[in-house]
Amino acid sequence: MSARMDVLLGAQWGDEGKGKVVDVIAPEYPVIARFQGGPNAGHTLIFEGRKHVLHTIPSGVFREGTLNLVGNGVVIDPIVLMKEIDGLKAAGVDVRDRLLISRRAHLILPTHRALDAASEAEKGKSKIGSTLKGIGPTYMDKTGRNGLRVGDLERNDLGERYGQLVRKHERLLANHENVPDHRAMEQEWMDAVARLRELRLVDSEHFLEDTLRSGQRVLAEGAQGTLLDIDFGTYPFVTSSSTISAGACTGLGVPPNRIGKVVGIFKAYCTRVGSGPFPTELHDALGEQIRQVGHEFGSTTGRARRCGWLDLPALRYAVTINGITELAMMKADVLAGMDQVMLCSAYRVDGRTTERMPYDITGGVEPVLEPMEGWPASTANDQLPAALERYIARIEAAVGVPVTLVSLGPDRAQTMLRDASVAQ
Ligand code: GDP
Ligand code: IMO
Ligand code: MG
């Protein structure tokens, strides 16, 4: 009997804790596969007193016996990937047997990074707040049919194709001032590419078909989050890939009828890093408190994350768009000890109340906040505080799917599985 591919993805603006949950559930899956994004992602794993941040490599890499696939939908910066591999080696993990790379994945060039910086500088005040890893320009070259792919490293005209693309980029960069010097990175990029060529390059769509046919389960690991999706996110303040469950199909070559569970990861509150609308954002001392207690600083860029209350219209939207079948709630410990917490149950837009995500939430969208009793820090290992259970039950009732996992701290061990209670 052929197995299913489950999908795990972010249900908010990224940094929900996807890396932690993948690491926790990875032993159930022989294969973990990233389906989009690239080094803009930073997925944090903490166990046995050690912390690891992964950017391109899937979060199953610390589990022996798990294969980790970088899928065709991912964009790879060879320099970042090699640094990651070296970091893992220093931590005692040799990725050679555990890491597979799709030949169809696109490559980020030093000039893509320069173009990202130039584009952001030009936008001035309306900049996206990009991580400046070259993500947007690389996906532009992919859809513009100009990109270089991992499989091209096996051809003998790589140098020529690289030169052509760089010349095109240089013509674009000539219109900008103060662009980073991409030439300084060129040799390092070439060296990294030479190492990339020695990794296990695969036709990942066939590999996944064989894996599923042989009855082995696959977990697709998303990067970023639903509200950063190129189509359904808060455009233009989004990333350049399909972060939603449909993106797992195109980003891996697995058809929709092979998808099993869709697990949505969300925080007990909301964060956002970079620019763009954020209806429940707290601009006060409480927002600062959440930032400090939750260590809400970017895993990739170190930037302070903006913090605010949980946004139910946005979460419901994520459940709908992705077909989420179950939810994992992270960082409930960060709000512990507050007398009262707030939930945004609806938006007020132009004098009307709506529970739906409007076309544009820039300005003019006011959150309708509902007070909920706060909860104490959890002490018993197998039981959540009653007020936290009520908070979760309120969320389940609002979005119609169960919260099956609750995370109460960054460590792998600080995780509670919960019986599905209110699925409707
Ligand atoms: P990802 O990009 O979705 O994998 O998330 P990040 O790793 O960027 O950000 C999540 C941050 O929260 C990391 O620093 C995690 O170590 C931390 N974290 C994850 N789950 C919990 C939790 O339940 N409680 C606390 N306090 N921290 C958590
Ligand atoms: P993970 O996988 C949070 C944000 C950036 C910026 C916008 C576009 O760790 O959850 P880009 O570099 O893609 O052009 O940036 O998206 N962003 C993220 N925010 N978590 C991420 O990844 C993100 N990746 C990109 O801050 O606002
Ligand atoms: Mg992150």
Reported set for the range 106-131 where residues are assigned to a loop (DSSP other than H, G, I, E, B) and either more than 16 Å from ligand 3 (Cβ to nearest atom) or without any contact (Cβ under 8 Å) to a residue 40 or more places away in the chain (or both) is Ile108, Leu109, Lys127, Ile128
Taking the range 1-36 and keeping only residues that are of a type in the set (Lys, Arg) and within 13 Å of ligand 1 (Cβ to nearest atom), one is left with Lys18, Lys20, Arg34
Being in contact (Cβ under 8 Å) with a residue 12 or more places away in the chain, touching an Asp or Glu at 6+ places or on another chain (Cβ under 8 Å) and of a type in the set (D, E, K, R) narrows Arg291, Arg348, Arg258 down to just Arg348
Gly308 vs (1) in contact with an Asp or Glu (Cβ under 8 Å, 6 or more places away or on another chain); (2) at pLDDT below 95: all pass except (2)
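Each row is one residue, and each column tells you yes or no for (1) crowded, with 24+ Cβ neighbours inside 10 Å; (2) free of Cβ contacts under 8 Å to residues at least 12 places away in the same chain; (3) under 20 Å from Leu196 (Cβ atoms).
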site: Ile46; (1), (2), (3): no, no, no
site: Gly65; (1), (2), (3): no, no, no
site: Val74; (1), (2), (3): yes, no, yes
site: Leu88; (1), (2), (3): no, no, yes
Being surrounded by 15 or more Cβ atoms within 10 Å (Cβ to Cβ), of a type in the set (Lys, Arg), away from ligand 3 (no atom under 16 Å from the Cβ) and part of a helix (DSSP H, G or I) narrows Lys168, Lys83 down to just Lys83
Selection from the range 301-319 of residues touching a Gly at 6+ places or on another chain (Cβ under 9 Å) and either among the charged types (D, E, K, R) or in a helix (DSSP H, G or I) (or both) yields Arg303, Arg305, Arg306, Leu315, Arg316, Ala318, Val319
Residue set Gly65, Gly71; condition more than 12 Å from ligand 2 (Cβ to nearest atom) and modelled with pLDDT under 95; output residue Gly65
Checked pairs for the range 28-39, first closer than 22 Å to Thr131 by Cβ, second of a type in the set (Val, Ile, Thr) and within 13 Å of ligand 3 (Cβ to nearest atom), C-beta under 6 Å and 6 or more apart or across chains, list as Pro39/Thr56
Picking from Glu120, Glu186, Glu209, the residue that is surrounded by 14 or more Cβ atoms within 10 Å (Cβ to Cβ) and under 30 Å from Glu28 (Cβ atoms) would be Glu209
Flagged in the range 360-382 as assigned to a loop (DSSP other than H, G, I, E, B) and touching an Asp or Glu at 6+ places or on another chain (Cβ under 9 Å), in numbering order, are Gly364, Gly374, Trp375, Ala377, Ser378
Restricting the range 402-416 to residues that are among the aliphatic types (A, V, I, L, M) and over 21 Å from the mean Cα position of the chain (by Cα), the one farthest from Asn322 (Cα to Cα) turns out to be Ala413
Notebook entry, point to check: Yes or no: Tyr359 among the aromatic types (Phe, Trp, Tyr) and in contact with a strand residue (DSSP E or B) (Cβ under 7 Å, 6 or more places away or on another chain)?
Noted result: no
Counting only residues in the range 48-62 that are surrounded by fewer than 19 Cβ atoms within 10 Å (Cβ to Cβ) and not hydrophobic (A, V, I, L, M, F, W, C), the one nearest to ligand 2 (Cβ to nearest atom) is identified as Lys51
Do we have any residue at all in the range 322-332 that's without any contact (Cβ under 8 Å) to a residue 24 or more places away in the chain and out of contact with any Asp or Glu (no Cβ under 8 Å at 6 or more places or on another chain)? no
Filtering the range 118-151 down to residues that are closer than 22 Å to Arg306 by Cα and more than 10 Å from ligand 2 (Cβ to nearest atom) yields Ala121, Lys123, Gly124, Lys125, Ser126
Restricted to the range 150-164 and to residues being surrounded by 18 or more Cβ atoms within 10 Å (Cβ to Cβ) and of a type outside the set (Val, Ile, Thr), the residue nearest to Glu120 (Cα to Cα) is Tyr162
Exactly one of Thr353, Thr404 is of a type outside the set (A, V, I, L, M, F, W, C), part of a strand (DSSP E or B), out of contact with any helix residue (DSSP H, G or I) (no Cβ under 9 Å at 6 or more places or on another chain) and within 23 Å of Val22 (Cα to Cα), and that one is Thr404
So, first residue within 15 Å of Thr243 (Cβ to Cβ) and aromatic (Phe, Trp, Tyr) in the range 12-24, second residue near ligand 2 (Cβ under 7 Å from one of its atoms) and in a helix (DSSP H, G or I), Cβ within less than 8 Å, six or more apart or across chains; the pairs are Trp13/Leu228
Test for Trp309: is it in contact with a strand residue (DSSP E or B) (Cβ under 6 Å, 6 or more places away or on another chain), touching a residue at least 40 places away in the same chain (Cβ under 8 Å) and of a type in the set (Phe, Trp, Tyr): yes
Within the range 187-235, residues in contact with a Leu (Cβ under 8 Å, 6 or more places away or on another chain), of a type in the set (Asp, Glu) and more than 16 Å from ligand 1 (Cβ to nearest atom) come out as Glu205
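The values are calculated or read from the model by the stated rules, or taken from the named source; none is laboratory data. Remember, predicted model here, so these are calculated numbers, not experimental data. We place every Cβ from the backbone using ideal geometry, glycine too, and count neighbours over all the protein chains shown.
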